[in-house]
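The values are calculated or read from the model by the stated rules, or taken from the named source; none is laboratory data. Since this is a predicted model, take the numbers as computed values, not measurements. We place every Cβ from the backbone using ideal geometry, glycine too, and count neighbours over all the protein chains shown.
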Amino acid sequence: MNPLSLISMLLDYPTEALRTYVKTNRLVQYSPTALIQELEQLFSRLEQEDLLAVQESWENTFDQGRQSSLLIYEHVHGESRDRGQAMVDLLSQYEADGFEFCGRELPDYLPVYLEYLSCLNAEAIQHGLKAVEPVLIRIGQQLNQVQSPYRVCFEWLLVLAGVAKVEFKDQPDPTPQVSMRELLERLDTEWAEADAFSAPDATASCRPNQPPTLDVPVHWVGFQNTSIPITPMSITHSKQEP
């Protein structure tokens, strides 16, 4: 099994089908020796815990904030307008390499992007992973900070990207811990609409500050058209074989 396809499957929303697949296949055989122990911990959790508990854990990990979001461009562009154009460019890249995106997720959803890369040659795979290396490191560090078992997936991706030594360092959380009530009050304040008749020099804003961007390309180019005749979860081939 292609390692990128496996990592894509592990990072996607967990289902009963995933649990069954993990139970019936010895998946650690595809991983680097140094990561086997961590992968076995992740597989054990997927196999043994109640499915609803696994799904809740996934949602709390990847769907509750920007720091560990699986949407690549959320880390790169935040909510800026550049994100929309980046999506268009990425879809064009998929099509140029002979794939038709037909998933329910956004095209920059990391499991979808990994599926796409899994169908390319080794050089293109490494180039594609290096292009998003800062995002992989950021998510990996966040998962390491909360001791998430999904951290191993990002260690593996960085190994595939050619990183000589993968070591996530704990990053101090710049945001003090607050209660849910305080968090909601803070959000209400940040998103409050400005007065309709504010003075011209008023500095109030109805939107929160945009996050800093990362040094990652808007889109990726230069991949060779080396499609493999498989049908991934969200991407299908659109070109006819010669």
Specify which of the listed residues (Leu129, Leu106) is of a type in the set (A, V, I, L, M), free of Cβ contacts under 8 Å to residues at least 60 places away in the same chain and either part of a loop (DSSP other than H, G, I, E, B) or surrounded by fewer than 19 Cβ atoms within 10 Å (Cβ to Cβ) (or both).
Leu106
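Would you tally the residues in segment 144-157 being hydrophobic (A, V, I, L, M, F, W, C) and surrounded by fewer than 22 Cβ atoms within 10 Å (Cβ to Cβ)?
1
Results for (1) surrounded by 12 or more Cβ atoms within 10 Å (Cβ to Cβ); (2) part of a helix (DSSP H, G or I); (3) hydrophobic (A, V, I, L, M, F, W, C); (4) touching a Phe, Trp or Tyr at 6+ places or on another chain (Cβ under 9 Å), shown as yes or no for each residue.
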residue: Met9; (1), (2), (3), (4): yes, yes, yes, yes
residue: Leu18; (1), (2), (3), (4): yes, yes, yes, no
residue: Val22; (1), (2), (3), (4): yes, yes, yes, yes
residue: Gln55; (1), (2), (3), (4): yes, yes, no, yes
Filter result (outside any loop (DSSP other than H, G, I, E, B) and exposed (fewer than 13 other Cβ atoms within 10 Å of the Cβ)) within segment 57-78:
Glu59
Checklist (1) surrounded by fewer than 14 Cβ atoms within 10 Å (Cβ to Cβ); (2) acidic (Asp, Glu); (3) within 15 Å of Tyr13 (Cβ to Cβ); (4) in contact (Cβ under 8 Å) with a residue 60 or more places away in the chain applied to Glu115, failing item
(1)
Being of a type in the set (A, V, I, L, M), at pLDDT 90 or above and surrounded by fewer than 14 Cβ atoms within 10 Å (Cβ to Cβ) is the filter here; which residues of segment 30-53 pass it?
Leu51, Leu52, Ala53
